[in-house]
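Worksheet for the structure shown next.
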Protein chains: 2
Amino acid sequence: MKISLGAKPIFFPLPVFLVGSYDTAGKPNIMTAAWGGLCCAEPPLFAVSIRRQRWTYEAVLQRKSFTINVPTGTMAGQVDFAGIASGEKVDKFAQLHFTPVKSTFVDAPYVEECPAVLECALHSTQDLGSHMQFIGEIKDVKITDECLDDEKKPLMSLINPIIYDGVGKNYHKLGASLGKAFAGGKIFWQELNE
Amino acid sequence: MKISLGAKPIFFPLPVFLVGSYDTAGKPNIMTAAWGGLCCAEPPLFAVSIRRQRWTYEAVLQRKSFTINVPTGTMAGQVDFAGIASGEKVDKFAQLHFTPVKSTFVDAPYVEECPAVLECALHSTQDLGSHMQFIGEIKDVKITDECLDDEKKPLMSLINPIIYDGVGKNYHKLGASLGKAFAGGKIFWQELNE
């Protein structure tokens, strides 16, 4: 039986990532976000929603650049801090002992300690209400060499991203594989065509 | 050391969910998607990107409605099938033994077997290139009663959503908790204010 919870922003699972930018004073900053993801293949685009009140908001508009930094499982405490503290008052890179690296293609810093990084140039913004949706064109994806296989394909199990529960306010590990995509479904497909 | 992979749509982790709609013939249909998520709190909005070629594309435009259905870990095979087969040729609900239920607030069917469902009314569309971004206003969230706690809060561990690896084309289980949000970070916060 299904229970109605009303019109609320609830969804599972959520990703969790750090949005990197140079703030209005030129200081490297990060904020934790969970409302975002890929939204187009050609061109490759990433969307992230940010409230107007956040210190990152003006920073992204000014430099028209941001990075998306995927933290790994051992970084949950740091990720949580970066979602609580504001870059207006705190140097989060210094506080968390993270290393800001200037991006190759855009005017924003990335977090060296994060195993996967997307360098994004601001493509468009969309005012949705409480949140502005920033869409960035992915100019480069950078992966720590230890998380790549022999064909330079990133391995999600090694990147080990964190999954966020926005209702229970909990960070989760990535679990074991449930099987290959475009494979399990073929069982049904074959039955259908017999 | 970081290795550049170029301008590609790569991100971890991705969610995986079923987009429900009535197709142009009135038949309930679902498609599997991974490029989407929450994008606004007030109003509560959900964004999903869909290629023009998909059978769901016209369906959503016609009825200005869709549902987001969160599958649970045991449904990876069905989810995979729903991403391979096209509703133009196949009745996926029948094939997968899923039960289509007419939504309460929008003109789209949801999947009874999925533990979490979002009923969405089309809010806006944004042509991004290969993909159209459909933004839906969440009119209701429905959760299977067994996945709610005593205060009617959905428990992500019981919903047990699937995590998708878009590079390795793999479905993954949700793993164990890494700790509470707005908690772990306070350790750093306290140090800072001492």
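The values are calculated or read from the model by the stated rules, or taken from the named source; none is laboratory data. Note that the coordinates shown come from a computational prediction; the quantities given were computed from them, not determined experimentally. FYI the Cβ positions are ideal-geometry reconstructions off the backbone, even for glycines, and counts take in every protein chain you see. The area values use the complete protein model at the heavy-atom level, side chains included, leaving out ligands, DNA and RNA. Shrake-Rupley method; radii C 1.70, N 1.55, O 1.52, S 1.80 Å.
Points to keep in mind about this one:
- Whether the protein assembly as shown is rounded, prolate or oblate, judged on the alpha carbon gyration tensor where a/c under 1.5 counts as rounded: prolate
- Label spacing, shortest first and in nm, from A:SER130 to its equivalents in the remaining copies (7 angstrom along Cα→Cβ): 3.3
- Under 16 Å from the Cα of B:LYS2 - aspartates and glutamates, other chains or at least 8 residues apart: A:GLU112, A:GLU113, A:GLU119, A:ASP140, A:ASP145, A:GLU146, A:ASP149, A:ASP150, A:GLU151
- Restricting the trypsin sites (Lys or Arg not before Pro) of region B:17-91 to loop positions (DSSP other than H, G, I, E, B) with no more than 11 neighbouring Cβ atoms within 10 Å leaves B:ARG52, B:LYS89.
- Here is the list for region B:90-164: GluC sites (Glu not before Pro) lying in DSSP coil, each with at most 14 other C-beta atoms within 10 angstrom of its C-beta, are B:GLU151.
- Listed by chain and number, the aspartates and glutamates whose C-alpha is less than 12 Å from the C-alpha of B:LYS89, apart from same-chain residues fewer than 8 away, are B:ASP23.
- Chain B - Rg over Rh from alpha carbon coordinates, Kirkwood radius: 1.01
- Under Karplus coefficients 6.51, -1.76 and 1.60, residue-wise ³J(HN,Hα) of region A:3-18 in Hz, glycine/proline x: 10, 7, 9, x, 7, 9, x, 10, 7, 9, x, 9, x, 9, 8, 10
- Cleavage-rule hits (chymotrypsin sites (Phe, Trp or Tyr not before Pro)) in region A:140-185: DSSP loop, at most 14 neighbouring Cβ within 10 angstrom: A:PHE182
- Set A:LYS64/B:LYS180; A:LYS64/A:LYS92; A:LYS64/B:LYS64 screened for pairs whose C-alpha atoms are more than 31 Å apart: A:LYS64/B:LYS180; A:LYS64/B:LYS64
- Rounded, prolate or oblate (a/c below 1.5 giving rounded, otherwise prolate when a/b exceeds b/c) for region A:21-115 by Cα gyration tensor: rounded
- Spin-label pair A:ALA183/B:LEU61, simplified geometry with 7 Å Cα→Cβ offset, distance in nm: 3.6 nm
- Equivalent ellipsoid of region A:62-150: semi-axes from √(5λ) of the C-alpha gyration tensor, largest first, are 22, 19, 13 Å.
- Placing R0 at 30 angstrom, the Cβ-Cβ distance between B:LYS102 and B:SER124 gives a FRET efficiency of 0.80 after rounding to 0.05.
- Entry note, region A:1-135: relative contact order of 29 percent, from Cα contacts under 8 Å with a spacing of 6+ residues.
- Inter-copy label distances at B:GLU88 (7 Å, Cα→Cβ; nm, one decimal): 5.2
- Summarising the strand pairing of chain A, around 100 percent of its internal DSSP beta bridges are antiparallel.
- 3J(HN,Hα) along region B:25-33: 9, x, 7, x, 9, 9, 9, 7, 9 Hz, from the Karplus curve 6.51 cos²θ - 1.76 cosθ + 1.60 with θ = phi - 60°, whole Hz, x for Gly and Pro.
- The rotation axis that maps chain A onto chain B passes nearest to the beta carbon of this chain A residue, listed with its distance in whole angstrom: A:GLY175, 2.
- Per-residue SASA entry for B:SER103, accessible area with 1.4 Å probe, Å² rounded to 10: 10 Å²
- Assigned charges on the beta-carbon of Lys, Arg, Asp, Glu; the protein assembly as shown dipole about Cα centre (debye): 340 debye
- Estimated buried accessible area (total), pair B and A, 1.4 Å, Å² to nearest 100: 9000 Å²
- Only helices enter this figure: runs of n ≥ 4 DSSP H residues, each worth -39500 (n - 2.57), summed and divided by the residues of chain A, yield -5000 deg cm²/dmol at 222 nm to the nearest 500.
- Region A:99-158: Rg to Rh, with Rh as the Kirkwood radius over Cα pairs: 1.07
- For chain A, accessible area per residue (1.4 Å probe, heavy atoms of protein chains only), Å²: 39 Å²
- Number of Lys pairs (Cα under 21 Å; 8 or more positions apart or on different chains) in region B:99-172: 6
- Between amide H atoms placed 1.01 Å from N, distances below 5 Å from B:GLY168 occur with A:MET156, all of them 5 or more places distant or on a separate chain.
- Centre separation in Å (Cα based) which lies between region A:52-119 and region B:33-81: 29 Å
- Distances between copies of A:LYS152, taken at a point 7 Å out from Cα along the Cα→Cβ vector and listed shortest first: 5.4 nm.
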